[in-house]
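Shown next, in structure tokens, is the structure this report addresses.
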């Protein structure tokens with residue numbers, strides 16, 4: 001009985017590993033200020049890239065820049081969360097489990 005359970009766990013373990021790999025490879029960009037600031041996050045919510053337009057830099061407005069970066073980051077976090085949720089739903093669906 002236990003060996004049967006272990007046999008069934010093999011495909012489940014593979015699907016979980018695939019989901020982990022897909023999550024790590026995920027890259028999502030959030031933006032603010034009509035694209036004046038872009039933040040790209042990976043699936044672990046680490047910043048991979050930060051792009052600030054020359055237009056914003058010329059404004060020389062520290063408070064506005066802080067708001068734009070924060071907004072772009074929050075946008076990216078929401079997008080990563082949505083993508084991870086989709087990956088999880090796909091993995092569960094492939095396992096034949098209800099979601």
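Bear in mind these aren't lab numbers, they're just calculated from the coordinates by the rules spelled out. Every value quoted in this text rests on a predicted model; they were computed, and no experiment measured them. Here the Cβ is made from the backbone with ideal geometry for all residues, glycine too, and neighbour counts use every protein chain on show.
If I take R0 = 35 Å and measure r between the Cβ atoms of residue 89 and residue 64 in this structure, what FRET efficiency does the formula 1/(1 + (r/R0)^6) give, to the nearest 0.05?
Efficiency computed from Cβ-Cβ geometry: 0.40.
Along the Cα→Cβ direction, 7 angstrom out, place labels at residue 54 and residue 24. What is the inter-label distance in nm?
3.9
Using Cα pairs closer than 8 Å and at least 6 residues apart in sequence, work out the relative contact order for the range 18-94, in percent.
Normalised by residue count, the contact order of the range 18-94 is 36 percent.
Based on the Kirkwood radius over alpha-carbon pairs, what is the Stokes-Einstein translational diffusion coefficient of the range 18-94 at 4 °C with 1.567 mPa s viscosity, in µm²/s?
Reported coefficient: 98 µm²/s.
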